[in-house]
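The values are calculated or read from the model by the stated rules, or taken from the named source; none is laboratory data. Quick caveat: nothing in here was measured; it's all calculated off a predicted structure. Please note: Cβ atoms are built from the backbone with ideal geometry, for glycine as well, and neighbour counts cover all protein chains shown. Surface areas here come from the heavy atoms of the whole protein model, side chains and all, with no ligands, DNA or RNA. Shrake-Rupley method; radii C 1.70, N 1.55, O 1.52, S 1.80 Å.
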Amino acid sequence: MIQGVLSRAPATDAAAAAMKAKRAASIPEDEESARGKRLQLHDSAAEQGPGLSAAAGERVAAASAAETRGLRLLSLLLRCAEAVAADQLPEARDMLHEIAELASPFGSSPERVAAYFGDALCARVLSSYLGAYSPLLAASPLAAAQSRRVSSAFQAYNALSPLVKFSHFTANKAILQALDGEDRVHVVDLDIMQGLQWPGLFHMLASRPCRPLSLRVTGLGASLDVLHATGRRLADFAASLGLPFEFHPIEGKIGHVADAAALLGPRGHHHREATVVYWMHHCLYDVTGSDAGTVRLLKSLRPKLVTIVEQDLGHSGDFLGRFVEALHYYSALFDALGDGASAGAAEEERHAVERLLLGAEIRNIVAVGGPKRTGEVRVERWGDELRRAGFRPVSLTGAPAAQARLLLGMYPWKGYTLVEEDGCLKLGWKDLSLLTASSWEPTTEDDLVVVAPAPARQEGQDS
């Protein structure tokens, strides 16, 4: 069953090893293949002369051992996922013990991937026994401290990978174009965290011949303390540029906001304000709360632009299909992070990113099927949902695409790819798409400028 699923998915370095492991008839055959490779490489090293053969032989042996270990780990993961899908929990539990012995969050890319997927499978098995699972960043006194740790990990992620920078730079360019000629600006960030991207936009706005008369940022998040700290940093930066600035923190989720007036403010004070919305989607925790409520509020806001950066990772279908897709996706991310991190401090930062961000996402996807636990039908692709809700795409193929290419060229990251598709920008690793950035505007001319908050509509009025 798993062979067919894997054959339909694009391969990355670690995921290709998973396919090789599953196609093999048995693990002894994998080991036999690895022994054959060792013999071939040993013969090649011997041809180089006696002075090089010993050192080359050691490298060959180490590489072969690592490959065999990776094949074994990934084969165990796939077999364990099959057992979980078939509700054969005792068999899955036995395989998890071996995965725990072979995997390591500090090892090679396959070992690190296996460590976090093994942990997620363990949580899945445990939740099946207990019938419960606690998501990351649940409502508890620890939420603020956890939010700070996650925000710190995102800063490290920003240094190790172009994914966060791609999201920020591409969105800022699209937003700047949409705000051309506007002198009253309102930015709504659905998950602002530390607001890392907005100083870049502030600088571009301050560099325009006509500076904005007002600049307001509404930031949503899980912790009011973190939001206030973000607001103070942004206010200090705006003041250094001489920009009038106002920050409006909202503790909570966009889908739980009852009325657009809570975001827009009094009509007289913010009349004729151009509103833009930004959201960098991830699987770390549930940002929207209610997807239906989020769509309804975005329509009520009537923003001049909505910019979304989404992970190219689905959450629909059966458990086994989701598991294999996630294995491919995160294998690519771990490969890319391994390429971007060098020895010393960078490796420590990579470990924090993998543990606090990627590992938590894997756990959410594998253990419970995603960060949302409300039982409502989830939005699979937000771009498609916005189109159905009355928005039309705005092409990112101009300045935003040029900015993304410049970004990839400025840093020593190899293996990343940038593809323009239907006006969207897709950033990938070795031809596997990781993120898709898209921008959207209301379809009717009357919606292009906000004149007043639209009245809230009933749930049943929006599809």
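Start at zero, step by 5 Å, and the Cα-Cα distances of segment 162-245 spread as 3, 14, 27, 25, 20, 9, 2, 0 percent across the bins.
What translational diffusion coefficient, in µm²/s and rounded to a whole number, does the Stokes-Einstein relation yield for segment 207-337 at 25 °C and a viscosity of 0.890 mPa s, taking the hydrodynamic radius as the Kirkwood radius over Cα pairs? Write down the numbers at each step before the final one.
Details: Rh = 17.5 Å.
Answer from the Stokes-Einstein relation: 140 µm²/s.
One quarter of the convex hull surface, Cα atoms only: what value does that give for segment 239-306 in nm²?
Working: hull surface 23.7 nm².
Value for segment 239-306: 5.9 nm².
Using 1/(1 + (r/R0)^6) with R0 = 22 angstrom and r between the beta carbons of Leu408 and Asp312, what's the FRET efficiency to the nearest 0.05?
Working: r = 17 Å, r/R0 = 0.78.
After rounding to 0.05, the efficiency reads 0.80.
Solvent-accessible surface (1.4 Å probe) assigned to Lys430 amounts to roughly 90 Å². Compared with the alpha-carbon gap, the fully stretched path from Arg211 to His256 is longer by 12.8 nm at 0.36 nm per residue.
Put the Cα centre of segment 263-324 next to the Cα centre of segment 217-231 and the gap is 17 Å.
Annotation: Thr436 carries an accessible surface of approximately 20 Å², with a 1.4 Å probe and no ligand, DNA or RNA atoms counted. Only protein heavy atoms count here; on that basis, with a 1.4 Å probe, Ser439 has an accessible area of about 0 Å². Per-residue accessible area (protein heavy atoms, 1.4 Å probe) orders Ile250, Ile99 as Ile250, Ile99, starting from the largest. Using the Cβ-Cβ distance between Ser240 and Glu101 with R0 set to 56 Å, the FRET efficiency from 1/(1 + (r/R0)^6) comes to roughly 0.55. By the Cα gyration tensor, segment 277-333 has an equivalent ellipsoid whose semi-axes, rounded to whole angstrom, run 28, 14, 9 from largest to smallest.
For the residue pairs Lys253/Lys299; Lys173/Lys430; Lys304/Lys426; Lys299/Lys414; Lys299/Lys426, the C-alpha atoms sit more than 28 angstrom apart in Lys299/Lys414.
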